[in-house]
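Peer 1: Sharing a structure here in structure tokens format.
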Amino acid sequence: MKKIEAFIKAHRLDEVVRVLCGIDGVTGITVTDAHGFGRGRGGMETHPKMTEMTGKFLQTVRIEVFCRDELAEELVGNIEKTAHTGLQGDGKIYVIPVEQAVRISTGERGEVAV
């Protein structure tokens with residue numbers, strides 16, 4: 001199993017979710033508002049105190065999808081293509097191995113729990 005974790009620009013979210021929901025085998029998606037910065041620092045000014053920097057973070061969204069190994073590349077490719085604007089700060093996608101999954105309501109374990 002894999003966890004796909006993507007950080008994308010908020011205005012691309014609807015289209016990315018629409019594409020992911022159209023892929024057979026996607027059983028769920030989690031979306032979280034996130035704030036932060038990448039290499040470009042989002043035009044942030046350097047401040048002596050971190051508390052002053054927090055107001056300068058860029059707004060982004062985090063998408064998490066858990067899937068079977070064989071579905072991971074399709075998901076990554078679709079997220080990459082759909083979230084791409086050609087501008088700096090389009091985001092990042094991470095693919096993380098998942099050792100175990102447990103469905104709490106039934107006790108199912110492994111891929112069937114996803």
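Peer 1: Hey, got the Cα dimensions of segment 2-113 along the principal axes, in Å, largest first?
Peer 2: Result, largest extent first: 50, 29, 20 Å.
Peer 1: What do you get for GluC sites (Glu not before Pro) in segment 67-99 restricted to DSSP loop and a cutoff of at most 14 other Cβ within 10 Å of the site's Cβ? Walk me through the numbers before you get to the answer.
Peer 2: Working: sites: Glu70, Glu73, Glu74, Glu80, Glu99; in loops: Glu99.
Taking segment 67-99 and a limit of 14 other Cβ atoms within 10 Å, the loop GluC sites (Glu not before Pro) found are Glu99.
Peer 1: How large is the dipole of segment 2-113 about the Cα centre if only Lys and Arg carry +1 and Asp and Glu carry -1, each at its Cβ, rounded to the nearest 20 debye? Don't skip to the end; give the middle numbers.
Peer 2: Working: 15 positive and 17 negative charges, 90 e Å.
With only Lys, Arg, Asp and Glu charged at Cβ, the dipole is about 420 debye.
Peer 1: Here is a further query. Just give me a number: lysine pairs in segment 2-113, eight or more positions apart or cross-chain, with C-alpha atoms less than 18 Å apart.
Peer 2: Values: Lys2/Lys92; Lys3/Lys92; Lys9/Lys56; Lys9/Lys81; Lys9/Lys92; Lys81/Lys92.
Taking segment 2-113 as the scope, the lysine pair count is 6.
Peer 1: Under 16 Å from the 7 Å Cα→Cβ point of Asp33, by amide nitrogen: which residues of segment 89-109?
Peer 2: none
Peer 1: Any idea what angle helix 72-83 forms with the longest principal axis of the chain, computed on alpha-carbon atoms, 0 to 90 degrees, nearest 10?
Peer 2: Value to nearest ten degrees: 40.
Peer 1: Using R₀ = 35 Å, calculate the FRET efficiency as 1/(1 + (r/R₀)^6) where r is the Cβ-Cβ separation of Asp14 and Val102; round to 0.05. If you can, show how the numbers build up before the last one.
Peer 2: Working: r = 31 Å, r/R0 = 0.89.
Using R0 = 35 Å, I get an efficiency of 0.65.
Laboratory data are not the source of any read-out in this text; all were calculated from the coordinates shown. Given the structure is predicted, the values throughout are model-derived calculations rather than measurements. Heads up, the Cβs are rebuilt from the backbone with ideal geometry, glycines too, and the neighbour counts pull from every protein chain shown.
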